[in-house]
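Report on one structure; see the data block that follows.
The values are calculated or read from the model by the stated rules, or taken from the named source; none is laboratory data. Given the structure is predicted, the values throughout are model-derived calculations rather than measurements. Every residue, glycine among them, receives a Cβ derived from its backbone with ideal geometry; neighbour counts consider all protein chains shown. In case anyone asks, the SASA skips ligands and DNA or RNA and just uses the protein heavy atoms, side chains included. Shrake-Rupley method; radii C 1.70, N 1.55, O 1.52, S 1.80 Å.
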Amino acid sequence: MATLATMSLGPPPARVPSHSIQLAVTNAGLSIGSKCILQEIDLEVRAGEVLCIIGPSGSGKTSLLRMMGGFIRASEGAVMAQGRQVVAPSRRFAFVFQDYGRALLPWRTVRGNVELALEACETPRAERKAIAERLLYQVGLANVADAYPRQLSGGMQQRVQIARTLAQSPDMLLMDEPFGALDAMTRETLQDELLKLAAAREMTVVFVTHDLEEAIYLGDRVVALSANPGRVAEVVDVDLPRPRDQLTTREDSRFLALRHRLRGFLTEEGRR
Amino acid sequence: MRALGFVPPALILFAWQLCSLLPGFPVQTFSTPADVMSALLSSLLDGSLLQATGETFQATVCGLSLAILFGVPFGFLVGSLPRADRLAVGVVEVLRPVPAVAVIPLALLMLGFGSSMESVVVAFAAFWPVMIVARTAARSVDERLVEVAKALEFSAPERFLKFLLPAALRQLFVGFRLGLGVALVVAVTVEVAVNPQGLGYLMTGAQAALRPDQVLAFLVWVGLVGWMANAVVALAEVRLFRWDVVDGAGR
């Protein structure tokens, strides 16, 4: 049932009752000094979905994600999770930083970095090693557990960070352009691994990217922000079957139609 | 390649020995390499040199430990709290230019001759490099790591132990090395100036006895001791910070 209606620009589709809301941003604004970064943001993250946020640079997409993660407070409105306002970072919402090189502890081995999250969760010491090694196996790093982050390639370092966030058993992953600094092949591999991990753990993912195709490929929904100030310009449902495939999904006519539809939001016109 | 470093000293020694054979060479005040070597050997064999080295070394290590004990917490404090930094800046800027030697009279008044007086003067001198490096280290902890610590909801003491301290340790070690160099210099200085112990005192004694061969022998020995101390610390550094030197480039 792939029709143009599913990606129409009209009001958002009626909400299916089974979608429980994991995180809600209501009428949120963010100003730093006299500069307005985000304005009147209304957004709901549904449990189990992959929600991608795109927008031109300066649209405040990273700020929005950091607000959702509790790293910055909204100047107006609120970010709510399970009836409570998000005021500080929480282990339940794991944040994956773009600059993996700075987010890993260089003096700890790969396994030590994963164990850090287990220490935070107060996992008994005796169990940490086995859990960390299982997670590293899942992200394909079992053979470099004793290496230091600086010995690894960028893609491998980002995998370490993902394994660390998985170790804290989060309900949600908040990912800030996590694959932005990686080469195209590595990026595609990691996209597929992320989808597999999220599906297996029924994890909610909020994924910020400036790469439109990446957003469509990964997302159940794509939120397009406009810039100056950042506002929600469009929310689009992605009606592409899962599991997705780097070749066939990207050649699907619905994929291409979405790409056409959303492209304007990333160009100068999107900035208004 | 490392052997190349031994060529110039060998050439200098050879030239020096040749010159000493020339008529008019001031053997009475300058001595010859052969005499210096035999003076070094005899002082080593009779134990006087090793005892003096032990005394100097003890004062150096005690002084440096004191400097680390006070300098690291103080540096962390002013490095992480801008208000504490502003409060401290006046005192620091006035005390820091005071030469360590100028502290000797005060230290003598309070503690008299001996190794505790010497250690205090050494500590005063080594405190500054250690403190300043600790301050810089506390300031330069990556904000991303601070966010990772917050995201994992670590408590303040855990954040200090798991993030700030290990992140700062790499830089702190540079401070320790600088401090060690300063400490050794100041310990010998105090001994040459006033304190009747250690390598410095041994040298002034040799000078008073008009023994240029011994003076030079002790000078060479001080150089060797300093070089060895630094080599030990450098080795510890490589061991401790494997994560920093393991990447292909090796820095």
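A few points about this structure:
- Solvent-accessible surface of the range B:38-240, taken per residue with a 1.4 Å probe and all protein chains present: 50 Å².
- In this structure, the pairs whose alpha-carbon distance is over 29 Å, taken from A:K61/B:K150; A:K129/B:K150; A:K61/B:K162, are A:K61/B:K162.
- Looking at the protein assembly as shown alone, DSSP beta bridges between its own residues are antiparallel in about 55 percent of cases.
- When only alpha carbons of chain B are considered, Rg and Dmax amount to 22.6, 80 Å.
- Per-residue extension of 0.36 nm, minus the Cα-Cα distance of B:L50 and B:L109, leaves a gain of 18.3 nm for this segment.
- Percent of Cα pairs in the protein assembly as shown per distance bin of 20 Å, from zero to the largest separation: 18, 37, 24, 16, 5, 0.
- Label sites at B:S116 and A:T248, each approximated as a point 7 angstrom past Cα along Cα to Cβ, lie 8.5 nm apart.
- Hydrophobic long helices, here whole DSSP H runs in chain B with Kyte-Doolittle means of at least -0.5 and Cα atoms spread over 24 Å or more along the helix axis, are found at B:48-80, B:115-139, B:165-193, B:212-240.
- Here each label is just a point 7 Å from Cα along the line to Cβ, and for B:V232 and B:Q58 those points are 1.5 nm apart.
- Zone of B:S38's modelled label, taken as backbone nitrogen in the range B:186-224 under 18 Å from a point 7 Å along Cα→Cβ: B:210-218
- Hull shadow area, averaged, the range A:202-272 [alpha-carbon convex hull, nm²]: 5.0 nm²
- B:R2/A:A181 FRET efficiency (R0 35 Å; Cβ-Cβ; nearest 0.05): 0.35
- For the range A:202-260 versus the range A:30-87, the gap between their alpha-carbon centres in whole angstrom: 18 Å
- Dividing the Cα radius of gyration of the range A:184-230 by its Kirkwood radius returns 1.03 for Rg/Rh.
- Taking the Cα centre of the protein assembly as shown as origin and assigning +1 to Lys and Arg Cβ atoms and -1 to Asp and Glu Cβ atoms, the resulting dipole is close to 500 debye.
- In the protein assembly as shown, helical runs assigned H by DSSP with n ≥ 4 each contribute -39500 (n - 2.57); averaged across all residues and rounded to the nearest 500, the mean residue ellipticity at 222 nm is -17500 deg cm²/dmol.
- Selected from A:L135, A:A117, A:M172, residue furthest toward positive end of dipole (the range A:112-181; charges at beta carbon): A:L135
- Working from label points 7 Å from Cα in the Cα-to-Cβ sense, the B:R242 to A:E202 distance is 4.2 nm.
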